[in-house]
Amino acid sequence: MQWPSITPGLLCLWGALSLGCSGSATSAAGRRDAYALATCADTVTCCIQRNPGMPEACGLTASEAASHMAGAKMAVDAAEGAPAEWDDSHNAALPEWRRRCIRAYDDCREYGWSGSCYDCLRSCEGQQSWPEDQCSPRRKKR
Amino acid sequence: MSEKVDWDPLRALARKVIGEGAPFVLDGDVRALLRRTAREVGISDTDAARALTTEAGALELLHESSRRITEGSNRLMDALHRMYRHQKAGDFDSARQEMRDVLAVEVVPRYRETAQGQLEDLEDEP
């Protein structure tokens, strides 16, 4: 399968995450540490962080690794209350199913869907489709 | 929601059999799972029972149920995302139309219920 090339924005994110693993003391260190803490919650994320610049060491392409960490970043943003982006053109290089996962995660979080948005994002990444039976919009009125 | 569904067991079975090529064993548990899921994705009990009389039919039922779950979710997620964007722009007619478009083609009851619920929530909007 031909994977799209990695975008500069995602490379920056990935680079920042890699630096965070090395304990660099900068003004953004706290945020990177938060990324690391929040994102090293599974084997793949930990592997990516331990092998900066070598996604193949984790059985991933550069694009897949960047996408994985982009999802993790969104989880951290959620924890920090950062606003979600609506325009996902920055993810144009990602496969459509990944973009859909990220968009759905964004909607899940912003509109307070039922279920754990983060768990559903992880599930979506595994099965390439959002688990609507686990995370779905709530009704405003009944 | 009127009925709680859990499609993870069906997804796991599809992943093993369709995705990984594992042998398809039509035992009692698999038969029950396929029968239950068929109903949840809008396949009649009669059609499901007919499919379950042969292993090939059961495998086809697995394919079809998995397809409906995945394609319906993709369609609904895309429509919901566009609906929210229309809402943010104050275009409630277009927001409602997104859910009507889902209802025009969707056969999975749960997805239909979600779309119908969102549509009803938009009733009070201009």
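When a/c reaches 1.5 or more, the comparison of a/b and b/c decides; with that in mind, is segment A:90-142 rounded, prolate or oblate per its Cα gyration tensor? Walk me through the numbers before you get to the answer.
Numbers: a/c = 2.63, a/b = 1.74, b/c = 1.51.
It is prolate, given that a/c is not under 1.5 and a/b is the larger ratio.
If the chain between B:Glu123 and B:Thr46 were fully stretched, how many nm would it gain, using 0.36 nm times the residue separation less the Cα-Cα distance?
Numbers: separation 77, 0.36 × 77 = 27.72 nm, distance 3.67 nm.
Gain on extension, B:Glu123 to B:Thr46, equals 24.1 nm.
Taking K and R as +1 and D and E as -1, what net charge do the other residues with C-beta under 13 Å from the C-beta of B:Gly57 add up to?
-1
Among B:Gln118, B:Ala89, B:Ser73, whose Cα projects farthest towards the positive end of the dipole of chain B, with charges put on the beta-carbon of Lys, Arg (+1) and Asp, Glu (-1)?
Value: B:Ser73.
Sorted by accessible area with a 1.4 angstrom probe, largest first, how do B:Glu120, B:Glu20, B:Glu40, A:Glu96 fall? Don't skip to the end; give the middle numbers.
Numbers: B:Glu120 60, B:Glu20 130, B:Glu40 20, A:Glu96 85 Å².
Sorted by accessible area, descending: B:Glu20, A:Glu96, B:Glu120, B:Glu40.
State to the nearest 20 debye the size of the charge dipole of chain B about its Cα centre, where the only charges are +1 on K and R beta carbons and -1 on D and E beta carbons. Let's see the in-between values first.
Numbers: 19 positive and 25 negative charges, 82 e Å.
Here the size comes out at about 400 debye.
Given 0.36 nm per residue, what is the gain on full extension from B:Asp27 to B:Leu59 after removing their alpha carbon distance, in nm?
Working: separation 32, 0.36 × 32 = 11.52 nm, distance 1.22 nm.
Extra length from B:Asp27 to B:Leu59 when fully extended: 10.3 nm.
Relative to the present Cα-Cα distance, how much length would full extension add between A:Arg139 and A:Tyr111 at 0.36 nm per residue of separation? Please report the intermediate quantities before stating the final value.
On the way: separation 28, 0.36 × 28 = 10.08 nm, distance 1.05 nm.
Length gained between A:Arg139 and A:Tyr111: 9.0 nm.
Can you tell me, using C-alpha contacts under 8 Å and at least 6 residues apart, the relative contact order of segment B:34-73 as a whole percent?
Working: 25 pairs, mean separation 15.3, N = 40.
Once normalised by length, the contact order is 38 percent.
Over chain B, with a Gaussian network built from C-alpha contacts below 10 Å, which listed residue (B:Arg35, B:Arg110, B:Arg85) shows the highest mean-square fluctuation?
Highest fluctuation of the listed residues: B:Arg85.
By its C-alpha gyration tensor, with a ≥ b ≥ c as the square roots of the eigenvalues, how is segment B:1-119 shaped: rounded for a/c under 1.5, else prolate for a/b larger than b/c, else oblate? Each step should come with its number before you reach the end.
On the way: a/c = 3.10, a/b = 2.34, b/c = 1.33.
In terms of gyration-tensor shape, prolate.
What is the local net charge at B:Ser73, summed over the other residues whose Cβ is closer than 12 Å to its Cβ (Lys, Arg +1; Asp, Glu -1)? Before the final figure, lay out the partial values.
Details: positive: A:Arg100, B:Arg11, B:Arg67, B:Arg68, B:Arg75, B:Arg110; negative: A:Glu132, A:Asp133, B:Glu71, B:Asp78, B:Glu106.
The answer is +1.
The values are calculated or read from the model by the stated rules, or taken from the named source; none is laboratory data. Note that the coordinates shown come from a computational prediction; the quantities given were computed from them, not determined experimentally. No Cβ is skipped: glycine too gets one built from the backbone with ideal geometry, and neighbour counts run over all protein chains shown. The accessibility values were calculated without ligands, DNA or RNA, using every heavy atom of the protein model including side chains. Shrake-Rupley method; radii C 1.70, N 1.55, O 1.52, S 1.80 Å.
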